[in-house]
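The values are calculated or read from the model by the stated rules, or taken from the named source; none is laboratory data. Since the model is a prediction, treat every value here as computed from it, not as a measurement. Here the Cβ positions follow ideal geometry from the backbone for every residue, glycine too, while neighbour counts run over all protein chains shown.
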Amino acid sequence: MNSLFLFQLASLVMLACGLLGLTTRRDLIGMLISVELLLNGAGLSIVAAAQLTNADASLGQLAALLIMGLAAAEATLVLAIVLVVGKRFKTTDADKISELGG
């Protein structure tokens, strides 16, 4: 087994754990952590492919930097939304939040 296969396998496991967590967790913070796992798995896959193949390594690092920036922006927005939802509904459980507005 070469190292690229092992990195891609680890990335696939992270993606699968994130997808499983996103579909099974009902807490908004748990969903946020699952999305972070999905993004980190994608970033690991891109960096491993760029470093261990004939592709330009700097492009893989730039793509990973873009993914990290996206994850940071997503985390700040979701945490702000969770704070507002927590204040309004007194819970962060997605099943208990049923009012959509109006």
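Scanning the range 29-38 for residues that are touching a residue at least 12 places away in the same chain (Cβ under 8 Å) and either in contact with a Gly (Cβ under 8 Å, 6 or more places away or on another chain) or not in a helix (DSSP H, G or I) (or both) yields MET31, ILE33, SER34, VAL35, GLU36, LEU37, LEU38. Report whether or not ALA48 is part of a helix (DSSP H, G or I), under 16 Å from the mean Cα position of the chain (by Cα) and not β-branched (Val, Ile, Thr). So ALA48 fails the test. Quick one: is THR91 over 19 Å from the mean Cα position of the chain (by Cα) and surrounded by 12 or more Cβ atoms within 10 Å (Cβ to Cβ)? So THR91 passes the test.
Are any of the residues in the range 65-78 touching a residue at least 24 places away in the same chain (Cβ under 8 Å), part of a helix (DSSP H, G or I) and acidic (Asp, Glu)? Yes. Residues in the range 11-60 that are modelled with pLDDT of 95 or more and touching a strand residue (DSSP E or B) at 6+ places or on another chain (Cβ under 6 Å): 0 in all.
Exactly one condition in (1) within 18 Å of the chain's Cα centre (by Cα); (2) of a type in the set (Gly, Ala, Ser); (3) assigned to a loop (DSSP other than H, G, I, E, B) is false for ALA55; which is it? Answer for ALA55: the failing condition is (1). If you go through the range 24-71 and keep only what is within 30 Å of LYS90 (Cα to Cα) and of a type in the set (A, V, I, L, M), you end up with LEU28, ILE29, MET31, LEU32, ILE33, VAL35, LEU37, LEU38, LEU39, LEU70, ALA71. Annotation: ASP95 fulfils all but one of (1) in contact with a helix residue (DSSP H, G or I) (Cβ under 9 Å, 6 or more places away or on another chain); (2) at pLDDT below 90; (3) closer than 18 Å to ARG25 by Cβ; the unmet one is (1).
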